[in-house]
Amino acid sequence: MKLNDEEQAMQNGELGEPRRWAIEHMMQVGRFFDAPDLVPVTQAHIMADTESLGEAGVEFLERMAACPERERRVRIPMITDPRGIDFCHYRRLRQTDAMAALEQRAIDALEALGIIMTNTCINYQTIMPPVRGEHLAFGDTGVVIYCNSVLGAYSNFEGGPSSLAAGLTGRTPRYGLHLDRNRRATKRFRVTCQPQYLSDWGALGGIVGARSGSYWEVPVIEGIESPPGSDEMKHMGAAMASFGSVPLFHLVGVTPEAPTLEAVCEPATLAAETIGEADFEAFFARYGGKGEKVDVVVFSAPQLSLLEMQSLAELLDGKQLHQDTDLLAVTSPAVAADARRLGFADRIEASGALLLEGMCFYQSYAREMGEANGWKRLLTNSAKLANIIGGYGYEPTLSNMENCVASAIAGEIV
Amino acid sequence: MATIKLKCHVGVGPEVSGEALVTDDNFSARYDLDRDRGIFSRPQHKLAGQSYVGKIMVFNTAKGGVASAWMLHQMKSRGIAPKAILFNSVNPILAQGAALADMAMCDRFADGDVTGLIRSGDQVTVKPEQGLVMITRD
């Protein structure tokens, strides 16, 4: 890999040990994926929840945080994905003091590196949406697929260590989606019925993701009659990335790189697969549970936008949750502050629901929370959450927000 | 004793030798493993119940989100980890994770499906720097 003078100085350790490590890390990853050089990036976003960091990961961050200040501070704006703990509520969730203590150590180390603790996976809705053509090092699959697809920015999935390396150097290896040739469509889908609820958009993402099935496939979708909003795109993208590891999609006539089908593929050589009503029905049907007792209703993954918080407040107005059912609404610290100012938070909490901020359900020791609270049957409107939470011992059901709220009130899945 | 050489893309991590454990299934560090006991725990996984500790693992591809990048590092630091992981095709996240953990990892084999080329129980040497995997069979 070709390095310029400044990058070589970093590699030689002239700018301190953290930047030396960062260049070394990027050289290894870049060589693995045939990157010719490093590309400057404008923002970094790091996933570093303590459940995945573990003790070893926290110690790694602490060693870096112990370096001299001029050596350890990140060089570009760098923000964080959700934490594993909401310190106001962790005891209520039956998370442990040991979890909270490890989380606090991670936060202290990240802050010492000059990282801004935004604790959000919806930064593209709330912090600083990237612009078309901007090269980034973003770390949450839902964040990356949204910024690539909807905004036309350029980012690979950057795991925590690689995001950190990008923050410390202002660069990332030029491979994958930083190259235009890897952004052309390789799979083509034609939708014959229109998604309505956010959960339908998530289902569409799940179907497309599962049929694409690889980081190196780029699906293009035709047949969407009117442009979806940001929350619809958010749910679709998060599910597509979750079901298929897919980092980029095109929506013909909607997303910026696909004004036409011809702009992203040669239609004559790429046959379209149809996605119709039966596919949606089969997708929802894989999650059973109708009529069963519901233990916990979760709105999370991705965190709720301000508009989703408003919808939830309206649905819960004047209602009380069933005594045997919990409802968790999870959002970013920025949205939570606005929701409180605007009265949405009070209306949600008056029902008995719990408003959690700066965390995300599945990154928060979901298995331990489930065991401690007796949560088994989980209802959500997030196709992404339904996909992954089974791995933590839950039995998930997917439905729209209205049905989720009605079920939380009834105590069983309606 | 016969030695078979397999060419692959240049990988990451140190040269290692060990016994192969092979499946045509995929791999997620987050969802497939009991990382305390060092075994495959997801019941649907084709290696469910088997230990991966000290093995040269061979899979089709990697699954799972960004969090996996930290997990190989945590596994290796506790000594409950495979020696190397080989794939037909890996995603960036797990390659990044192997780089952090200094764990041997290679993919893109020249001779086709690596899950058919290597058999469980084979003695295998992985040379990531050279993009080379050597199998020794009786």
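Only lysines eight or more places from residue B:46 in sequence, or on another chain, were considered; those with a Cα closer than 18 Å are B:55, B:63. Taking the Cα centre of segment A:5-180 as origin and assigning +1 to Lys and Arg Cβ atoms and -1 to Asp and Glu Cβ atoms, the resulting dipole is close to 320 debye. Summing charges over neighbours of residue B:2, with a neighbour being any other residue whose Cβ is under 9 Å away from its Cβ, gives 0 when K and R count +1 and D and E count -1.
Between the residues B:12, A:327, A:390, the greatest Cα displacement towards the positive end of the dipole of the protein assembly as shown, with unit charges on the Cβ of Lys, Arg, Asp and Glu, is found for B:12.
What is the sum of charges around residue A:348, taking Lys and Arg as +1, Asp and Glu as -1, for the other residues whose C-beta is under 14 Å from the C-beta of residue A:348? Here the count lands on -4. Relative to the Cα centre, the charge distribution of chain A, modelled as +1 at Lys and Arg Cβ and -1 at Asp and Glu Cβ, gives a dipole magnitude of about 360 debye.
A Förster distance of 41 Å, applied to the separation of the beta-carbon atoms of residue B:138 and residue A:59, puts the FRET efficiency at 0.40.
Quick check on segment A:65-128: take the gyration tensor over C-alpha atoms, sort the square-rooted eigenvalues as a ≥ b ≥ c, and tell me if it's rounded (a/c under 1.5), prolate or oblate. Note, shape of segment A:65-128 comes out oblate. For the pair segment A:278-335 / segment A:79-151, the C-alpha centres are spaced 22 Å from each other. Sites listed here are trypsin sites (Lys or Arg not before Pro) in segment B:1-105 whose DSSP assignment is loop and whose Cβ has at most 14 other Cβ atoms within 10 Å: B:37, B:46, B:78.
When peptides A:127-139, A:44-56, B:98-110 are sorted by average Cβ neighbour count within 10 Å, with the highest value leading, the order is A:44-56, B:98-110, A:127-139.
Rounded to the nearest 20 debye, the dipole magnitude of segment A:184-285 is 280 debye, with +1 charges on Lys and Arg beta carbons, -1 on Asp and Glu beta carbons, and the Cα centre as origin. Against chain B, whose longest principal axis is taken from its Cα atoms, helix B:68-77 shows a tilt of about 80°. From helices alone, the protein assembly as shown scores -10500 deg cm²/dmol at 222 nm; the rule is -39500 (n - 2.57) for each run of n ≥ 4 DSSP H residues, then divide by the residue total. Ranking A:239, A:202, A:213 by how far each Cα lies toward the positive end of the dipole of segment A:184-285 (charges on Cβ) leaves A:213 at the top. For the pair residue B:78 and residue B:130, a Förster radius of 41 Å applied to the C-beta separation gives a FRET efficiency near 0.90, rounded to the nearest 0.05. Approximating the spin labels as points 7 Å out from Cα along Cα→Cβ, the residue B:119-to-residue A:263 distance works out to 5.4 nm. Can you tell me which lysines have their Cα less than 18 Å from the Cα of residue A:376? Leave out same-chain residues fewer than eight positions away. Reachable lysines: A:290, A:293, A:384.
Shown here for segment A:332-414: trypsin sites (Lys or Arg not before Pro) in loop regions (DSSP other than H, G, I, E, B) with at most 10 other Cβ atoms within 10 Å, of which there are none.
Each of A:79, A:123, A:99 was scored by the projection of its Cα onto the charge dipole of segment A:69-132, and the greatest displacement toward the positive side belongs to A:123; charges sit on the C-beta of Lys, Arg, Asp and Glu.
In nm, give the distance between the simple-model label positions of residue B:37 and residue B:19, each being 7 Å from the Cα along the Cα-to-Cβ direction. Distance between the two pseudo-spin positions: 1.9 nm. Seen through its C-alpha gyration tensor, with square-root eigenvalues sorted a ≥ b ≥ c, segment A:5-180 comes out oblate because a/c lies at 1.5 or above while a/b is not bigger than b/c.
Can you work out the PRE-style zone for residue B:1? Point 7 Å along Cα to Cβ, and I want the residues of segment B:100-138 with backbone N under 16 Å. Only B:122-126, B:134-138 pass the distance filter.
Could you tell me whether the protein assembly as shown comes out rounded, prolate or oblate from its Cα gyration tensor? Rule is a ≥ b ≥ c as square roots of the eigenvalues, rounded for a/c under 1.5, then prolate if a/b exceeds b/c, otherwise oblate. It comes out rounded by the Cα gyration axes. Summing charges over all other residues whose Cβ lies under 15 Å from the Cβ of residue A:34, with Lys and Arg as +1 and Asp and Glu as -1, gives +3.
Counted residue by residue at 0.36 nm each, then reduced by the alpha carbon distance between them, the extension gain from residue A:337 to residue A:216 reaches 39.7 nm. Tell me which lysines have Cα within less than 16 Å of residue B:5's Cα, excluding those fewer than 8 residues away on the same chain? Correct list for residue B:5: B:127.
For chain B, the longest principal axis of the C-alpha atoms and the axis of helix B:92-101 are separated by about 90°. Between the beta carbons of residue A:92 and residue A:307, assuming R0 = 30 Å, the FRET efficiency works out to 0.70 to the nearest 0.05.
Quick note: the coordinates plus some simple rules give every number you see, no bench work behind them. From a predicted model like this one, the values you see are computed outputs, not experimental measurements. Ideal geometry is used to build each Cβ from the backbone, glycine not excepted, and the neighbour counts take in all protein chains shown.
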